[in-house]
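This report refers to the structure that appears directly beneath it.
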């Protein structure tokens with residue numbers, strides 16, 4: 001059973017639930033993955049400036065990058081000593097490549113990288129975005145959909161290791177894209193702002209197993225305990241048991257657990 005922490009993120013009028021699973025493996029699938037090429041395998045490696053990562057002359061199919069500068073890197077997922085020596089970190093769960101959102105070698109430029117993919121979402125439906133990240137203490141990765149957003153950084157995510165994170169949100173009318181960007185500090189010492197912020201294995205699925213509060217693939221007594229433990233308490237801090245995101249845990253949330261009792265659908 002995974003250790004989970006949930007926080008609420010606000011951006012404009014949007015409210016979202018971020019669920020960070022530290023060291024977690026993927027939970028039961030919940031429908032079609034709406035992200036194409038989430039592992040960045042369908043890409044053209046340009047080989048500039050070296051054979052470990054490329055900052056120029058490459059394309060990642062289905063993903064859009066800013067037109068005015070290129071600070072993202074396509075990184076070879078390899079344990080080659082030559083590549084590790086210059087800062088790459090192999091992802092044991094990855095394929096041939098992953099992306100660095102902080103490929104800029106300009107310490108003063110603050111050229112935070114960004115990738116965007118257009119998606120079709122149903123307004124009012126609940127979705128789960130999951131991905132792997134690798135952060136150092138100065139990194140921060142922001143995920144946005146419409147006016148809603150959440151940020152993964154050292155305050156809520158393990159650093160210096162590949163970590164699986166996930167975010168639950170309700171789709172807003174007019175939200176048509178997922179944007180993932182680096183928002184790390186430009187004041188990091190020794191040019192560390194121009195490093196890391198790695199992302200890989202991104203998926204976006206409509207959530208059909210909201211009541212699996214501990215992410216173990218089953219709705220059972222452990223999930224019921226989460227609901228009862230948060231029952232009726234006005235929330236200054238969010239709770240994963242508030243599944244309809246109305247600010248309080250009550251009979252509506254209990255009904256979701258009881259109606260979904262058993263194994264999550266494959």
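The values are calculated or read from the model by the stated rules, or taken from the named source; none is laboratory data. All values derive from a computational prediction rather than experimental measurement. We place every Cβ from the backbone using ideal geometry, glycine too, and count neighbours over all the protein chains shown.
Here is a yes/no grid of residues against (1) in contact (Cβ under 8 Å) with a residue 24 or more places away in the chain; (2) outside the structural domain of residue 118 (by TED's automatic domain parsing); (3) closer than 14 Å to residue 199 by Cα:
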| residue | (1), (2), (3) |
| --- | --- |
| 45 | yes, no, no |
| 48 | no, no, no |
| 62 | yes, no, no |
| 66 | yes, no, no |
| 74 | yes, no, yes |
| 80 | yes, no, no |
| 83 | yes, no, no |
| 89 | yes, no, yes |
Might you check whether a residue that is assigned to a strand (DSSP E or B), at pLDDT 90 or above and on the phi > 0 side of the Ramachandran plot occurs anywhere in the range 200-215? yes
Can you confirm whether the range 186-196 contains a residue that is modelled with pLDDT under 90, in the same structural domain as residue 113 (by TED's automatic domain parsing) and within 20 Å of residue 40 (Cα to Cα)? yes
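Out of the residues in the range 120-155 that are in a loop (DSSP other than H, G, I, E, B) and buried (at least 17 other Cβ atoms within 10 Å of the Cβ), state the one that is nearest to the chain's Cα centre (by Cα). Before the answer, list the steps.
In the first step, residues of the range 120-155 are kept if they are in a loop (DSSP other than H, G, I, E, B); the result is 120-125, 135-139, 146-147, 154-155.
After this cut, where a residue has to be buried (at least 17 other Cβ atoms within 10 Å of the Cβ) as well, the list is 121, 135-136, 138-139, 146.
Details: 121: 17, 135: 12, 136: 16, 138: 17, 139: 14, 146: 15 Å.
Selected residue: 135.
Please go through the range 240-252 and give me each residue that is under 25 Å from the mean Cα position of the chain (by Cα) and surrounded by 14 or more Cβ atoms within 10 Å (Cβ to Cβ), ordered by number. Walk me through how you get there before you give the answer.
As a first pass, look at the range 240-252 and keep what is under 25 Å from the mean Cα position of the chain (by Cα): 240-247.
240, 241, 242, 243, 244, 245, listed by residue number.
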Tally the residues that are at pLDDT 90 or above and part of a loop (DSSP other than H, G, I, E, B), restricting the search to the range 176-185. 1
Among the residues of the range 40-71, count how many are modelled with pLDDT under 85, loosely packed, with under 15 Cβ neighbours inside 10 Å and closer than 23 Å to residue 131 by Cβ. 0
Give just the number: which of (1) at pLDDT 90 or above; (2) closer than 20 Å to residue 163 by Cβ; (3) surrounded by 13 or more Cβ atoms within 10 Å (Cβ to Cβ) does residue 28 not satisfy? (1)
